[in-house]
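Working notes, structure below.
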Amino acid sequence: MQTVSDTTAFITGGASGIGLAMARAFAAEGARLALVDLDGEGLREAKRELEAITEVIAISLDVRDREAMAAAADRTERELGPVRILCNNAGVGSGMGGMNLETMRYEHWDHTLGVNLGGVVNGIQTFVPRMVERGGPAHVVNTSSGSGLAVIGGAQFMYCASKFAVTGLSEAIGSLLKFHGIGLTLVSPGFVDTRIAETTRKLDPAAAEVHEMDPEYREKLERFEELFDPLGQDPDEVGTMILDAIHHGRLYCQPDRLMAEPIQARCQALLEAMPPETERDRQMAEMIDKTRQ
Ligand SMILES: NC(=O)c1ccc[n+]([C@@H]2O[C@H](COP(=O)([O-])OP(=O)(O)OC[C@H]3O[C@@H](n4cnc5c(N)ncnc54)[C@H](O)[C@@H]3O)[C@@H](O)[C@H]2O)c1
């Protein structure tokens, strides 16, 4: 999309961090905004800030709630016009220290996968049929993570499961959306200075419990956060990069180089694990090429 001016953007996780930064960047270019989040107070503050620049509605909901999502879509389109930019961005981490094999529980799996993957699925299922029916120009932004491209720590296993799924989903559905004039950008941030650690502790009962019950763990976590905090990327810089990716119809938005080496090492190891090329491989590659044309 050459511009987001005079369009409507629906941004989940819009009360804070990367979601709020996207809202700021889009508003500066003249987009109307539907900010969607669980955090009612954060939403009120974000709305106060942005309504000085553009039309804003704030909707408090849980992205796992499909009925609420459909109602939010209806309300947004009634009040602000058709949604042309959908940002499936709301998410939680694993806590900086992640989960471990002794404390993992179904509750924690359900929360991490429900928000990080289920929220994206619900956004797509709610809005994409409307976008396809109207035709482009339109754009979908899915916020994954560097941890959706390569693994740097075992304790992030649930988070990685959710974010790798968002990566695969985005790459595949993006190739279908383009036939309808709809772009898709997969955002895979490295380390951005947001409230994600705090949000995760607050929202995920299992993560909060681990944090509370183990003082040693809490101390380790706090030391880790202190060490890393000054290195966090400014979310507004990420918001501007995402807007630029929308303008240029780019599939990938990589806000920093944190994961460059792990991605390279992973790809290298995968290629090295393959047997030498045979005639069958060449025939299959040709067939795949033909189906792509
Ligand atoms: N901050 C980073 O370093 C980083 C790195 C990689 C990926 N990400 C991803 O970026 C996205 C945005 O996170 P952020 O860093 O801006 O964190 P943030 O905590 O500042 O913002 C996330 C927002 O999502 C909202 N949210 C969480 N669960 C929700 C739910 N069930 N329904 C509705 N809203 C919900 C929170 O209330 C919060 O306002 C997430 O998907 C996260 O995984 C962040």
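Tabulated results
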{"item": "Placed amide H near R84: partners under 5 Å, 5+ positions off or other chain", "result": "T8"}
{"item": "Exposure ranking of M241, M274, M1 by accessible area [1.4 Å probe, largest first]", "result": "M274, M241, M1"}
{"item": "From phi via Karplus (6.51, -1.76, 1.60), per-residue ³J(HN,Hα) for the stretch 108-121 in Hz, x at Gly/Pro", "result": "6, 4, 4, 5, 5, 6, x, 7, 6, 9, x, x, 5, 4"}
{"item": "Cα pair distances exceeding 27 angstrom across the chain, given as percent", "result": "42"}
{"item": "Cα-Cα pairs of the stretch 86-189 separated by more than 24 Å (percent)", "result": "26"}
{"item": "³J(HN,Hα), Karplus 6.51/-1.76/1.60, whole Hz, each residue of the stretch 2-7, x for Gly, Pro", "result": "5, 8, 9, 4, 6, 10"}
{"item": "Relative contact order (%) - criterion: Cα under 8 Å, at least six apart; region: the chain", "result": "20"}
{"item": "Separation of alpha-carbon centers, the stretch 22-57 and the stretch 107-129, rounded to whole Å", "result": "22"}
{"item": "Rounded accessible area of C267 (nearest 10 Å², 1.4 Å probe)", "result": "60"}
{"item": "With at most 13 other Cβ atoms within 10 Å, longest stretch of the chain clear of loop GluC sites (Glu not before Pro) (DSSP)", "result": "103-276"}
{"item": "Simple Cβ-charge dipole of the chain, Lys/Arg +1 and Asp/Glu -1, about Cα centre, in debye nearest 20", "result": "1020"}
{"item": "The stretch 47-195: relative contact order in percent, alpha carbon pairs under 8 Å with at least 6 residues between", "result": "26"}
{"item": "Structure-based [θ]222 nm, the chain - -39500 (n - 2.57) summed over DSSP H runs of at least 4, per residue, nearest 500", "result": "-16500 deg cm²/dmol"}
{"item": "For D110, solvent-accessible area (1.4 Å; no DNA, RNA or ligand), Å²", "result": "100"}
{"item": "Karplus-derived 3J(HN,Hα), 6.51/-1.76/1.60, for each residue of the stretch 24-35, Hz, glycine and proline x", "result": "4, 5, 5, 4, 4, 9, x, 7, 8, 10, 10, 9"}
{"item": "Exceeding the 30 Å Cα-Cα cut-off - candidates K47/K220; K163/K220; K47/K163", "result": "K47/K220"}
{"item": "The stretch 1-93, Cα convex hull volume normalised per residue, Å³", "result": "85"}
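The values are calculated or read from the model by the stated rules, or taken from the named source; none is laboratory data. These numbers were taken from a predicted model, which means no experiment stands behind them. Using ideal geometry, Cβ is built from the backbone for each residue, glycine included, and neighbour counts are taken over all protein chains shown. Note: areas computed on protein heavy atoms with side chains; ligands, DNA, RNA excluded. Shrake-Rupley method; radii C 1.70, N 1.55, O 1.52, S 1.80 Å.
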